[in-house]
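Beneath this line is the structure, given in structure tokens, with notes to follow.
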Amino acid sequence: MQSVLTTTEMRAVDTPAIASTPLDELVERAGTKVALAALDLMGGAYGRRVVLICGRGNNGADGRVAARLLARRGAKVRIVAPGEIDDLLGSGPGIDLVVDAAFGTGFRGTYDAPRVPVGVPVLAVDIPSGVAGDTGEACGRPLAATRTVTFVAPKPGLLQWDGAALAGEVTVVDIGLPVGAHRIDLLEDADVASLLPGRDPGGNKWRAAVGVVAGSPGMTGAAVLCARAAYRAGAGMVRLGVPGGDPSALAATEAVGIELAATGWAEAALEATAKCGALVVGPGLGRPPRATDDVRLLLAGSPVPVVVDADGLHALGRVDAQPLPTGVTVVLTPHDGEYERLLGSAPGPDRIEAARTLARVSGAVALLKGPTTAVADPSGRVLLARTGTSALASAGTGDVLSGVIAGFLARGMPPLEAAALAAHVHGRAGALGHRAGLLAGDLPDLVARVLDALG
């Protein structure tokens with residue numbers, strides 16, 4: 001995992017460092033890293049023309065150090081202050097690089113950057129100027145960076161909202177400071193092998209069994225997708241019940257069908273899945289009159305973690321008005337519309353804080369879907385998955401994600417890590433599929449491929 005530091009946490013790193021190390025030395029280290037990144041982007045320095053927008057704070061000081069080092073290498077550098085000019089085209093030969101060192105992560109207000117000629121790369125120092133360090137909100141007209149060099153650890157504003165698009169390639173550089181205490185981490189491919197428990201060589205199919213209550217008569221696609229995904233995530237057995245459906249009418253699947261009444265099915269579902277290590281409820285369930293009672297009874301009686309998705313989330317209603325049953329581990333997996341139903345208001349652009357709010361209010365692990373998927377537990381710890389792709393914006397992909405989460409839970413992963421790692425693997429699987437026309441049905445096999453490659 002890669003540590004992520006909020007602006008407050010970064011100040012907690014900076015303050016003792018400045019007390020023990022001269023500020024000029026820290027600025028020299030940072031500026032040197034900026035200069036090295038500039039050299040890499042330009043393929044050298046001699047004869048290159050570099051414009052550096054340098055503010056009055058430490059961010060600008062980093063830029064001025066980089067300017068000095070680039071000039072020493074033979075670059076033709078020009079330093080301008082924020083607001084000094086409206087564009088950087090000027091006259092004469094073109095520009096080879098713009099370095100954005102106007103403002104850092106603590107900037108407040110509005111910043112309108114000068115216009116940059118099309119095709120000229122932009123290197124941002126720590127964060128694109130004008131982007132809020134914690135939320136990623138762009139205030140004004142920031143420059144879109146080709147690359148952002150950030151110090152010690154990524155900041156939340158580089159990973160969500162406008163900042164994720166404006167930051168370009170984010171490179172984290174070491175300037176000799178420890179990461180320190182933090183509450184957010186970003187998942188990486190190596191976490192698949194380090195976090196996911198291996199299969200017990202002496203185990204049997206029940207050691208990682210998953211129960212799925214999903215689908216409705218004539219609408220079993222979501223249920224089958226969820227079940228297949230659980231298997232591909234490592235479940236040894238999947239027991240699948242479609243309330244009101246005929247188990248023999250299920251599409252061909254390895255899942256063992258269980259018979260459930262159309263309503264009042266909670267007790268029977270719990271009995272049929274008593275040997276399972278995790279449950280999923282909701283995909284394709286529909287919205288029958290007693291769905292709320294059944295879903296909440298299932299949660300109240302479950303001795304194992306329950307993933308609630310899709311129509312299951314709708315059945316829960318407002319979790320701030322009607323708390324979830326206590327004593328059970330629950331993973332909620334809403335998209336923005338489902339989030340609004342659960343809490344009465346849309347999540348807004350700060351996905352991290354939104355996930356934390358839902359987790360705190362509900363007492364559950366909250367997975368808020370998006371290009372950056374934020375997963376929070378009630379304590380406020382957050383894991384981020386950034387492997388999502390627009391190819392996953394199609395019907396049924398969320399059903400697959402629920403099955404993968406349940407498969408990981410049944411294998412013994414803690415709920416926060418299971419949900420976040422599932423989102424990471426789900427995104428990687430989507431990237432392996434067709435760029436256009438990816439089907440949710442493709443994903444379970446692709447999930448298995450990812451686990452084979454990374455596990």
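The values are calculated or read from the model by the stated rules, or taken from the named source; none is laboratory data. Note that the coordinates shown come from a computational prediction; the quantities given were computed from them, not determined experimentally. Cβ placement follows ideal geometry from the backbone for every residue including glycine, while neighbour counts extend to all protein chains displayed.
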List every residue pair whose Cβ atoms sit under 6 Å apart, with the two residues 6 or more apart in sequence or on different chains, where the first one lies in region 17-31 and is surrounded by 13 or more Cβ atoms within 10 Å (Cβ to Cβ) and the second, anywhere, is aromatic (Phe, Trp, Tyr). Ala30/Phe151
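A quick yes/no check of all residues on (1) closer than 19 Å to Ala420 by Cβ; (2) touching a His at 6+ places or on another chain (Cβ under 8 Å); (3) in the same structural domain as Thr135 (by TED's automatic domain parsing):
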{"site": "Val295", "(1), (2), (3)": "no, no, no"}
{"site": "Gly301", "(1), (2), (3)": "no, no, no"}
{"site": "Val319", "(1), (2), (3)": "no, no, no"}
{"site": "Val331", "(1), (2), (3)": "yes, no, no"}
{"site": "Glu338", "(1), (2), (3)": "yes, yes, no"}
{"site": "Ile352", "(1), (2), (3)": "yes, no, no"}
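For region 195-251, give me each residue that is assigned to a loop (DSSP other than H, G, I, E, B) and charged (D, E, K, R).
Correct list: Arg199, Asp200, Asp246.
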Can you find a residue that is closer than 24 Å to His335 by Cα and in contact with a helix residue (DSSP H, G or I) (Cβ under 6 Å, 6 or more places away or on another chain) anywhere in region 247-255? no
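So that you can scan it fast, the table gives a plain yes or no per residue for (1) small (Gly, Ala, Ser); (2) at pLDDT below 95; (3) in the same structural domain as Val173 (by TED's automatic domain parsing):
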{"residue": "Thr6", "(1), (2), (3)": "no, no, yes"}
{"residue": "Ala17", "(1), (2), (3)": "yes, yes, yes"}
{"residue": "Gly31", "(1), (2), (3)": "yes, no, yes"}
{"residue": "Leu39", "(1), (2), (3)": "no, no, yes"}
{"residue": "Gly44", "(1), (2), (3)": "yes, no, yes"}
{"residue": "Val51", "(1), (2), (3)": "no, no, yes"}
Those residues of region 348-389 which are in a helix (DSSP H, G or I), of a type in the set (A, V, I, L, M) and without any contact (Cβ under 8 Å) to a residue 60 or more places away in the chain amount to Ala354, Ala355, Leu358, Ala359, Val361
Test: Ala144 is touching a Ser or Thr at 6+ places or on another chain (Cβ under 9 Å), part of a loop (DSSP other than H, G, I, E, B) and at negative phi: no
Checking Ala419, Ala366, Ala385, Ala355 in turn, the sole residue that is surrounded by 21 or more Cβ atoms within 10 Å (Cβ to Cβ), in contact with a helix residue (DSSP H, G or I) (Cβ under 7 Å, 6 or more places away or on another chain), at pLDDT 95 or above and under 23 Å from Ala165 (Cβ atoms) turns out to be Ala385
Does any residue of region 404-424 turn out to be among the aliphatic types (A, V, I, L, M) and over 21 Å from Val210 (Cβ atoms)? no
Going through (1) farther than 24 Å from Ala181 by Cβ; (2) of a type in the set (S, T, N, Q); (3) touching a residue at least 12 places away in the same chain (Cβ under 8 Å) one by one, Ser345 fails only at (3)
Determine whether region 269-280 contains at least one residue that is free of Cβ contacts under 8 Å to residues at least 60 places away in the same chain and out of contact with any Pro (no Cβ under 9 Å at 6 or more places or on another chain). yes
Taking strands (runs of 3 or more DSSP E) that fall entirely within region 43-133, which contain at least 1 residues that are out of contact with any helix residue (DSSP H, G or I) (no Cβ under 7 Å at 6 or more places or on another chain) and touching a residue at least 40 places away in the same chain (Cβ under 8 Å)? 49-54, 97-101, 122-125
Scanning region 139-168 for residues that are charged (D, E, K, R), within 17 Å of Leu384 (Cα to Cα) and surrounded by fewer than 24 Cβ atoms within 10 Å (Cβ to Cβ) gives Asp162
Of all residues in region 422-455 being part of a helix (DSSP H, G or I) and out of contact with any helix residue (DSSP H, G or I) (no Cβ under 8 Å at 6 or more places or on another chain), the one that is surrounded by the fewest Cβ atoms within 10 Å (Cβ to Cβ): Asp452
Those residues that are within 8 Å of the chain's Cα centre (by Cα), surrounded by 24 or more Cβ atoms within 10 Å (Cβ to Cβ) and not β-branched (Val, Ile, Thr), I need them from region 370-382; list them, please. Ala374
Is it true that some residue in region 170-181 is at pLDDT 95 or above, in contact with a helix residue (DSSP H, G or I) (Cβ under 9 Å, 6 or more places away or on another chain) and in a helix (DSSP H, G or I)? no
Would it be correct to say that Glu340 is of a type in the set (Asp, Glu), in contact with a Phe, Trp or Tyr (Cβ under 9 Å, 6 or more places away or on another chain) and part of a helix (DSSP H, G or I)? no
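Listed residues Thr333, Thr357, Thr326; which is under 26 Å from Ala391 (Cβ atoms) and of a type in the set (S, T, N, Q)? Talk me through it step by step, then tell me what you get.
On the way: Thr357 fails: under 26 Å from Ala391 (Cβ atoms); Thr326 fails: under 26 Å from Ala391 (Cβ atoms).
Selected residue: Thr333, the only one of Thr333, Thr357, Thr326 that is under 26 Å from Ala391 (Cβ atoms) and of a type in the set (S, T, N, Q).
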